[in-house]
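Notes for the one structure printed next.
The values are calculated or read from the model by the stated rules, or taken from the named source; none is laboratory data. On a predicted model such as this, the values are computed, not experimentally measured, just so you know. Here the Cβ positions follow ideal geometry from the backbone for every residue, glycine too, while neighbour counts run over all protein chains shown.
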């Protein structure tokens, strides 16, 4: 395996950190949409999300980083609120294995005989993000999540506004007019000064800063997230997640394709996962061992 493939595989694994068994091919093609307040929509999404103790996802993937593109196979197992286990393969050979707990992240690189370990606080400081176990778990299971994370969901959902969408429900943390104003690059210095001031005021008040935006679109009738946008106007960072073509697997709708696009200064990538199968509440194992002769990555 070439060094380029190795670096791409590591990139896929790092995204997952940041970041159909018995199936019937019944696509959800749309439904009737009526106006709904954010709190009511959130309640409906919670009612319709997959209820599981264990969850398995197998998918074919494609990762694009700069001008490089690499195909891979993903095998993810989740013990709800406890463990995320991920295996990444290329051409049928496992290259990376990850074990993620609510506190820590472990990765074994079988190609280069190395391993990595970190806690979420250290990882987020290095990546300048605010990723949690719950967010990773939610992305892989097509569940609703808040960014930044919150302990007061009732207050946080109250801060959302409805937004325009012709096909799906849409809620957002800031208005479209304010978003356009913040996104206007014609007067960056003035905008940055104001955003820095808002950041300081929000930090002092321990509130969510206004320059961080989250937009969520939801399919009508099945009440599954169809799209999530996360934007940090101050740092010019954005992440888009698209849950395409929900398919009925046994009795649960799940996207047949998940697309992720990340755009930040000096760092851009896109990821596509094409679902092969999911399993809910089947017995799972989470084997993970670091060989003694492997070197720790710095």
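If you go through region 61-81 and keep only what is surrounded by fewer than 14 Cβ atoms within 10 Å (Cβ to Cβ) and within 17 Å of the chain's Cα centre (by Cα), you end up with just 81.
Being under 30 Å from residue 161 (Cα atoms), modelled with pLDDT of 60 or more and assigned to a helix (DSSP H, G or I) is a property that holds for residue 40. For region 246-281, filtering for residues that are surrounded by fewer than 13 Cβ atoms within 10 Å (Cβ to Cβ) and under 21 Å from residue 50 (Cα atoms) leaves 1. The one condition from (1) part of a strand (DSSP E or B); (2) farther than 14 Å from residue 139 by Cα; (3) out of contact with any helix residue (DSSP H, G or I) (no Cβ under 9 Å at 6 or more places or on another chain) that residue 51 does not meet is (1).
Taking region 75-193 as the region of interest, the helices (runs of 4 or more DSSP H) fully inside it that hold 3 or more residues being at pLDDT 85 or above and over 21 Å from residue 238 (Cα atoms) are 153-158.
To keep it simple, each residue is scored yes or no on (1) surrounded by fewer than 20 Cβ atoms within 10 Å (Cβ to Cβ); (2) touching a strand residue (DSSP E or B) at 6+ places or on another chain (Cβ under 7 Å); (3) more than 20 Å from residue 51 (Cβ to Cβ).
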site	(1), (2), (3)
100	no, yes, yes
111	yes, yes, yes
118	yes, yes, yes
127	yes, no, yes
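Taken over region 146-170, the criterion of being touching a helix residue (DSSP H, G or I) at 6+ places or on another chain (Cβ under 6 Å) and crowded, with 20+ Cβ neighbours inside 10 Å is satisfied by 146, 157, 160, 169.
The strands (runs of 3 or more DSSP E) found entirely in region 221-278 that carry 2 or more residues being under 14 Å from the mean Cα position of the chain (by Cα) and more than 26 Å from residue 43 (Cα to Cα) are 252-264.
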